[in-house]
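Contents: one structure, followed by commentary.
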Amino acid sequence: MIHHVWGLLHHPEREWHKISDEHETVTHLYAHHVLLLAAIPVICALIGTTQVGWTYGGSDTYKVSLSNGIALGVAFYALILLAVGIVGSVIYWMARDIEQRPSRRDCLIFAGYIATPMFICGIFALYPVFWLCMLGMIVGLVYSGYLLYRGTPSFLGISHQRGFILSIKTLGIGVLVLEALLVVTVLLWSMGTEHSIVWEFFR
């Protein structure tokens, strides 16, 4: 797992070929990569919101209780895993017109690996200031987009022209999925305090 992380960050195109040659299963991907790396933003958010307190950038901070934080962390973790599966399914669906269409397995594995920078940038959640977390999201998204662009022709075995078109479409939908996940995440982690946006609807 670790060597793929370093390879994707340091020499992505070579690493995509290496990953492709391994013929990995989706189960192996989740067990040795996704489940481990997806825990980074969850654990960091748990520590940040319970020990530091989240804020929109002002002087007021709002802490989440540990019990609420654990419950919200489990929900956050499930959402991340679901998002990876959704992006993989979207890639498979968009590749339906390609003559040598990649398998669903390949698309899910591809989605799991292109999410690597997003997982790692979850470390920004240790200090949950809204603008800082947004910055982390942007950094992760930019590099995930780069991995997507370089990996589409290399890993999925399609031409560079088709790979470019597919990567642009996937990035666009991926941004929408990320935005939805971000909104839900903010709502989830704010629910642990009396200042939650969600609770305002019930007052």
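Matching residues to (1) touching a Phe, Trp or Tyr at 6+ places or on another chain (Cβ under 8 Å); (2) among the acidic types (Asp, Glu); (3) touching a residue at least 40 places away in the same chain (Cβ under 8 Å); (4) part of a helix (DSSP H, G or I):
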position: Phe110; (1), (2), (3), (4): yes, no, yes, yes
position: Met118; (1), (2), (3), (4): no, no, yes, yes
position: Ala125; (1), (2), (3), (4): no, no, yes, yes
position: Leu135; (1), (2), (3), (4): yes, no, no, yes
position: Gly145; (1), (2), (3), (4): no, no, no, yes
position: Arg150; (1), (2), (3), (4): yes, no, yes, yes
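Of the set (1) among the aliphatic types (A, V, I, L, M); (2) open to solvent by less than 30 Å² (accessible area, probe 1.4 Å); (3) modelled with pLDDT of 85 or more, all apply to Ala78 but (2). Look at (1) charged (D, E, K, R); (2) part of a helix (DSSP H, G or I); (3) open to solvent by 60 Å² or more (accessible area, probe 1.4 Å) and you find that Glu99 fails only one, number (2).
From (1) touching a residue at least 12 places away in the same chain (Cβ under 8 Å); (2) over 22 Å from Gly151 (Cβ atoms), pick out the condition that doesn't hold for Ser59. Unmet for Ser59, out of (1) touching a residue at least 12 places away in the same chain (Cβ under 8 Å); (2) over 22 Å from Gly151 (Cβ atoms): (1). Counting only residues that are surrounded by 18 or more Cβ atoms within 10 Å (Cβ to Cβ), hydroxyl-bearing (Ser, Thr, Tyr) and at pLDDT below 90, which one in the range 17-73 is nearest to Met118 (Cα to Cα)? Applying the filter and picking the extreme gives Thr49. Among the conditions (1) over 24 Å from Thr170 (Cα atoms); (2) surrounded by fewer than 15 Cβ atoms within 10 Å (Cβ to Cβ); (3) of a type outside the set (A, V, I, L, M, F, W, C); (4) modelled with pLDDT of 85 or more, the only one that Ser89 does not satisfy is (1).
The values are calculated or read from the model by the stated rules, or taken from the named source; none is laboratory data. Keep in mind the model is a prediction, meaning the values are calculated, not measured. FYI the Cβ positions are ideal-geometry reconstructions off the backbone, even for glycines, and counts take in every protein chain you see. The accessibility values were calculated without ligands, DNA or RNA, using every heavy atom of the protein model including side chains. Shrake-Rupley method; radii C 1.70, N 1.55, O 1.52, S 1.80 Å.
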